[in-house]
Amino acid sequence: MYGDVMRSSRDVTRTSRDRASESDSEEDFQLALESIPSQSIIAQGTDSSCTDRQCDSDLLALCQGIDKDHDTLKLTEQGCEQALANLTQLNDGRPDTPQLMWRLSRIMFDKAKHNTRAGLDVKGELLDALTIAKKGESLSEGNSKSHLWYAILLGDTCKYDDTRVKLTKGLEFERQVKLSLDIDPYNSTALHLIGRYSFEVSGIKWWEAKIAATLFGSVPQSSYDEALQYFLRADELNSEWVENTLFIAKCLIALGRNNEAKSWLDRVDIQGRKMNCGPDNRA
């Protein structure tokens, strides 16, 4: 799981109402990607129909095996190291294969999250993953996950950049997620990510807007209502995603629809209790 996904539901439910109404810090412009649940990236949109349509039969079977193993291997540091070694070898044997490159960047991302929890500096790992994801995206034609994982790495490396670079990456992030959705419109993660981008742009600070106008001649435009529509579409596909439910509530509060927001915050509490009862959270 990525970052905050493994936190206890007690933390989610205890802070949900406070987080829904608090002002967002500059770090929120990084899109808070650590909260993305990995299962939704895998589950929404089958690789064979939406992601790897240009695979030959051997490569398709190989990719399906990688994805099946990934669900287990990603959970531990040792598993990530094993998967990373295997994928690196496969990528070396099939260079410039976008179907392998986005999967390699994915496991590099997973491994970096384990190292982050261990207190290690992962800047180099994430930038290496970004480089691979970018190359994979440049070689990709009709591969939704290549666009999606390039976007994810763009967002997760924003913390190493100044505001000007963050704004530039933000525009490219938006473009890549929308390209992914053009190919696979039923991916809840992509819908959530573009919702997060719209949410942050809607609350952009005046000095960020001034820099954006200077750099690009205009300010990124969106609205809380637009962000809400993305989050609602993601909810239709993945109704148990706590973070997405929380952002629906945050949008409603920003729109002054507090009574509606309350019912969604109640859902956050219910979802949090379910998470706490799940097998991954047992003592």
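The values are calculated or read from the model by the stated rules, or taken from the named source; none is laboratory data. A quick note: this is a predicted structure, and the numbers were derived from the prediction, not measured. Because the Cβ atoms are built from the backbone with ideal geometry, glycine has one as well, and the counts that use them run over all protein chains shown. Heavy atoms of the whole protein, side chains included, go into the accessibility calculation; ligands, DNA and RNA do not. Shrake-Rupley method; radii C 1.70, N 1.55, O 1.52, S 1.80 Å.
Pairs LYS123/LYS166; LYS159/LYS250; LYS113/LYS135; LYS123/LYS210: which exceed 26 Å Cα-Cα? Each step should come with its number before you reach the end.
On the way: LYS123/LYS166 16 Å; LYS159/LYS250 23 Å; LYS113/LYS135 22 Å; LYS123/LYS210 29 Å.
Where the Cα-Cα span goes over 26 Å, the pairs concerned are LYS123/LYS210.
Sort 148-157, 180-189 by the packing proxy (mean of other Cβ within 10 Å over each peptide's residues), most packed first.
Top of the packing list down: 148-157, 180-189.
Taking the full set of protein chains and a 1.4 angstrom probe, give the accessible area of HIS114 in square angstrom, rounded to the nearest 10.
30 Å²
Counting only protein heavy atoms, what percent of the accessible surface of the stretch 163-283 is carbon or sulfur at a 1.4 Å probe?
Working: 3040 of 5750 Å².
Its accessible area is 53 percent carbon and sulfur atoms.
Grab the alpha carbons of the stretch 82-123, take their convex hull, and tell me the volume per residue in Å³. Intermediate values should be presented prior to the final figure.
Working: hull volume 2.8 nm³, N = 42.
In the stretch 82-123, the Cα convex hull volume per residue is 66 Å³.
Which order, highest average first, do 75-84, 195-204 follow once you tally other Cβ atoms within 10 Å for each residue and take the mean per peptide? Each step should come with its number before you reach the end.
Working: 75-84: 16.0, 195-204: 22.3.
For the peptides 75-84, 195-204, the packing ranking is 195-204, 75-84.
With Rg and the Kirkwood Rh both taken from Cα atoms, where does Rg over Rh land for the stretch 144-283? Show your work: numbers first, answer last.
Numbers: Rg = 16.4 Å, Rh = 16.2 Å.
Taking Rg over the Kirkwood Rh, I get 1.01.
ARG94 versus GLU77, label points 7 Å from Cα toward the beta carbon: distance in nm?
Computed distance between label sites ARG94 and GLU77 equals 3.1 nm.
Leaving ligands, DNA and RNA out of it, work out the accessible area of LEU179 with a 1.4 Å probe and give it in Å² to the nearest 10.
Spelled out: LEU179, probe radius 1.4 Å, area about 50 Å².
Which order do the peptides 247-258, 212-223 come out in when sorted by mean C-beta neighbours inside 10 angstrom, highest first? Display every interim value, and only then the final one.
Numbers: 247-258: 20.4, 212-223: 13.5.
Listed from highest to lowest mean packing, they are 247-258, 212-223.
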